[in-house]
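Below is one structure; the comments refer to it alone.
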Amino acid sequence: MQEFTELLQKLVKGIDISSRLREEDVQIGVTPTEEIYREDKVVLYRFNSKVEHSQNIPILIVYALVNRPYMVDLQEERSLVANLLKLGLDVYLIDWGYPTRGDRWLTLDDYINGYINNCVDVIRKRHNLEQINLLGICQGGTFSLCYSSLYPNKVKNLITMVTPVDFHINQGLFNVWGRSTVGSQAMDVDLMVDTLGNIPGDFLNFTFIMLKPFQLGIKKYIDLLEIIDNEEKFVNFLRMEKWIFDSPDQAGETFRQFIKDFYKENKLIKGEIEIGGKRVDLGNIRIPVLNIYATQDHLVPPASSLALEKYIGSQDYTVCSFPVGHIGIYVSSKVQQNLPPTIVDWLKVRLP
């Protein structure tokens, strides 16, 4: 009876808190930005800094197409961007926007040889530089590897974070589903794209939840009862929910190519990816590389990221791990104490 009474009290307080919360109380993306460049749905932002830039080479964050990039700027005390700014970095970010039906024919060529290359050129011109630094996250890290292979003269240093490289690692359900070609597990990506055009963000969200159905679909809402009477923790929970379910649709042809060439055929490590008629050879990457992975990552198994060392041509390769999951690498308070300094210190050593 005592436990039941305490639970009711928590629920009552939680209802009171939720009734007072407004949409502006659950803000994500807290660091002020300046729009630098816009092309179609894509926007290049520069984050405003309160401290003087101590490094003369800016860094461009390339995020995945899935979900929104403000995960790297979730809230003030848990913001990778804010912490990098405090340490003197000049930080830019590509926001891919929300593809609509008119974007279904966009390809990897459009994203990598088009949008990323144009954003890099804008930054190079603004700072009068030949090369800039890249920070690629998850699928954005894979894009950054492709870009660095195709445009090695435009990238000074490359940082990859929770980035899939070997897509045939026998770990992680998504890897298995992605490359399956027969039976009930098969993913018929051609049928999906030909039928739907763009791939709905809600479908992808459901897929990610099914990787850990109990933990992501049930347990987190049960655990909510433990913190629902704590306004700060409750708002943090709502921030995460807001980000998780803010899922843009995926341009159909890009999704088709990414699943078939990367997941099904693992062409990246084979040197068989062609983008805009140019072959992506990871051996062309001879610049310094910092590879960051999460040891408990269920979306990108550590072995998939660690495979990078075997295929790049760089003699300056550093690997760094954190004992968290795929999302924890962005939002863990402990990680945010160590990850930004790790990035900045690594870059400082490689200042021109």
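What follows draws every value from the coordinates through simple rules; no lab data is involved. Owing to the predicted nature of the structure, the values given are computational and were not obtained by experimental measurement. Cβ atoms come from the backbone with ideal geometry, glycine included; neighbour counts cover every protein chain shown.
The label-point distance for residue 333 and residue 226, in a model that sets each label 7 Å from Cα toward Cβ, rounds to 1.5 nm. A full extension of the chain between residue 117 and residue 265 corresponds to an added length of 50.7 nm, given 0.36 nm per residue minus the alpha carbon distance.
Just to verify a number: FRET efficiency for residue 105 and residue 206, C-beta to C-beta distance, R0 = 25 Å, to 0.05?
Details: r = 25 Å, r/R0 = 0.99.
After rounding, the FRET efficiency stands at 0.50.
With all pairs of separate Cα atoms included, the range 272-313 yields a Kirkwood hydrodynamic radius of 11.9 Å.
Before anything else, pin down the relative contact order of the range 260-352: Cα pairs under 8 Å, at least 6 apart, normalised by residue count, whole percent.
Numbers: 106 pairs, mean separation 22.0, N = 93.
Over the range 260-352, the number comes to 24 percent.
With neighbours defined as other Cβ atoms within 10 Å of a residue's Cβ, the residues 96, 105 order from fewest to most as 105, 96. With R₀ fixed at 30 Å, the C-beta to C-beta distance from residue 274 to residue 242 puts the FRET efficiency at about 0.20. In this label model, residue 130 and residue 38 are separated by 3.5 nm, measuring between points 7 Å along each Cα→Cβ vector.
Once R0 is set to 56 Å, what does the formula 1/(1 + (r/R0)^6) return for the Cβ-Cβ distance between residue 351 and residue 233, expressed as a FRET efficiency to the nearest 0.05?
Details: r = 40 Å, r/R0 = 0.72.
Efficiency computed from Cβ-Cβ geometry: 0.90.
For the range 24-67, the relative contact order comes to 25 percent (Cα pairs under 8 Å, sequence separation of at least 6).
Expressed in units of 2.2 N^0.38 Å, where N is the residue count, the Cα radius of gyration of the range 232-349 is 1.29.
Order of 245, 255 from fewest to most other C-beta atoms within 10 Å? Don't jump to the answer; show the numbers that get you there.
Values: 245 11, 255 23.
Ranking 245, 255 by Cβ neighbours within 10 Å, fewest first, gives 245, 255.
Straightening the chain between residue 317 and residue 195 buys 39.6 nm, computed as 0.36 nm per residue apart minus the Cα-Cα spacing. Enter the Cα centre distance for the pair the range 271-324 and the range 70-138, rounded to the nearest angstrom. What the calculation gives is 18 Å, centre to centre. Under the rule a/c < 1.5 gives rounded, and otherwise a/b versus b/c splits prolate from oblate, where does the range 283-352 land using the Cα gyration tensor? Because a/c hits 1.5 or more and a/b fails to exceed b/c, the range 283-352 counts as oblate. Binning the alpha carbon pair distances of the range 70-142 at 10 angstrom intervals from zero yields the distribution 15, 42, 33, 10, 0, expressed in whole percent.
Based on the Stokes-Einstein relation at 4 °C and a viscosity of 1.567 mPa s, and on the Kirkwood radius from alpha carbon pairs, the range 28-112 is assigned a translational diffusion coefficient of 94 µm²/s.
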